[in-house]
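Student: Next up is a structure, given as structure tokens.
The values are calculated or read from the model by the stated rules, or taken from the named source; none is laboratory data. Keep in mind that what you see is a predicted model, and the values were worked out from it rather than measured. So basically every Cβ, Gly included, is an ideal-geometry build from the backbone, and we count neighbours across all protein chains shown.
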């Protein structure tokens, strides 16, 4: 990323083996085609089950064909054998709220919104173990083309699902037309924002968002809503919204909200790192010295964020300091909702400037643990739970028979310390190893 657009940076402001063997037995499930066997690892499958020790994962044509303890799974003759002894394998992370290509506050000029840039961002996500991104808004042609490419057998970057343009109508009639236009693109979601940005903008009215929800549902599309306030979250749930794309941040959640969410199985994406991004650059973040971060971060962007004058402006920003307080509320609410049985779909709102794709997802796992989740619960929110919340559980999120072979090989066990998800040895998408370095081209934030 060039420095064009950087003025926005200040303003943005468990132990027994699971004795179950999964095998593919469908007719024609191909005894030909590429076959791999990952042998010897401890497998955390994303379902919440106990880890499988000394496991074998057989991958055929990019799909998990068998998984279980080594004593129960035969390695097919001729399979490429990948020795994973001493390693831990977990499902690839699913970011249920990211942005790819043209995102909030990002320069939307043609050179930003290109196939090359979108592909590079998806490669960056994958480098950090994020193998699927649901891009919630402002997706354009390049994003839709990248979504289509997600089914390519040779994929070696993050898979993409898209919401198309955010619906920003101001009247019910505009809302009907906007949903019709968005639906014609065949998105996976419809996205709306119901927030006044701490009083700085007008909020979408109930008449408008009710119309959006009705029109979207009539076309078989689900609606995700950006929210901040508890009252708006409740009103949206009563109107039939399908997904809350941020935490409630103005006050503690209550029983009424919990009951509304559980009644229809609505999930919430915490996006705690979104709040962190608004104030963390008031001084030099510790992660600026982390090699896991600096290996792919644009040094020009890092230098601009590390400028003392810029940091002083962030420190003096009322909105930045308000969002810092909101983070504490969000953390309490994440814990309260989780304890009450509401499903959390891991997400970060990465993509806009200074919200570093891939690396911030790793920090989000740590934030969830700071909020009170165990490492196992945080990992589940980013794998099986996220897949289920986003309607992807039939193909992604868990390591089970018939699911895509999207997973991370780690040198240390994240159930012992969630930060061990950063000990990445390799990342695999559809059985293809993600390249160990980004290809040449324009750097991205």
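Student: Restricting attention to region 410-440, which residues are closer than 18 Å to residue 94 by Cβ, out of contact with any helix residue (DSSP H, G or I) (no Cβ under 7 Å at 6 or more places or on another chain) and assigned to a loop (DSSP other than H, G, I, E, B)?
Tutor: Once the filter is applied, which keeps residues that are closer than 18 Å to residue 94 by Cβ, out of contact with any helix residue (DSSP H, G or I) (no Cβ under 7 Å at 6 or more places or on another chain) and assigned to a loop (DSSP other than H, G, I, E, B), region 410-440 yields 430, 431.
Student: Something else about it: Every residue in region 316-340 that is more than 17 Å from residue 198 (Cβ to Cβ) and surrounded by fewer than 20 Cβ atoms within 10 Å (Cβ to Cβ), please.
Tutor: 332, 335, 336, 339, 340 - these are the residues of region 316-340 that are more than 17 Å from residue 198 (Cβ to Cβ) and surrounded by fewer than 20 Cβ atoms within 10 Å (Cβ to Cβ).
Student: Ok, one more. Taking region 176-204 on its own, how many of its residues are in a loop (DSSP other than H, G, I, E, B) and more than 17 Å from residue 220 (Cβ to Cβ)?
Tutor: Number of matching residues: 10.
Student: Every residue in region 164-175 that is part of a helix (DSSP H, G or I) and surrounded by 16 or more Cβ atoms within 10 Å (Cβ to Cβ), please.
Tutor: Matches in region 164-175: 172, 175.
Student: Look at residue 261 and say whether it is under 20 Å from residue 359 (Cβ atoms) and in contact with a helix residue (DSSP H, G or I) (Cβ under 8 Å, 6 or more places away or on another chain).
Tutor: So residue 261 does not fit the description; no.
Student: In region 366-387, which residues are within 30 Å of residue 60 (Cβ to Cβ), outside any loop (DSSP other than H, G, I, E, B) and touching a strand residue (DSSP E or B) at 6+ places or on another chain (Cβ under 8 Å)?
Tutor: If the condition is that a residue be within 30 Å of residue 60 (Cβ to Cβ), outside any loop (DSSP other than H, G, I, E, B) and touching a strand residue (DSSP E or B) at 6+ places or on another chain (Cβ under 8 Å), then 379, 381, 384, 385, 386, 387 are the ones that fit.
Student: If I filter region 220-240 for residues that are part of a helix (DSSP H, G or I) and under 29 Å from residue 356 (Cβ atoms), do I get at least one hit?
Tutor: Checked region 220-240: at least one residue is part of a helix (DSSP H, G or I) and under 29 Å from residue 356 (Cβ atoms).
Student: Taking residue 87 and the conditions (1) at pLDDT below 95; (2) surrounded by 21 or more Cβ atoms within 10 Å (Cβ to Cβ), which numbered condition does it fall short on, given that it satisfies the others?
Tutor: Here residue 87 clears every test but (1).
Student: Would you pick out the residues in region 139-158 that are under 18 Å from residue 187 (Cβ atoms) and buried (at least 24 other Cβ atoms within 10 Å of the Cβ)?
Tutor: 139, 143, 146, 158
Student: Can you go through 357, 362 and tell me which one is part of a loop (DSSP other than H, G, I, E, B) and either at pLDDT below 95 or surrounded by 24 or more Cβ atoms within 10 Å (Cβ to Cβ) (or both)?
Tutor: Just a single option satisfies the conditions, and that option is 357.
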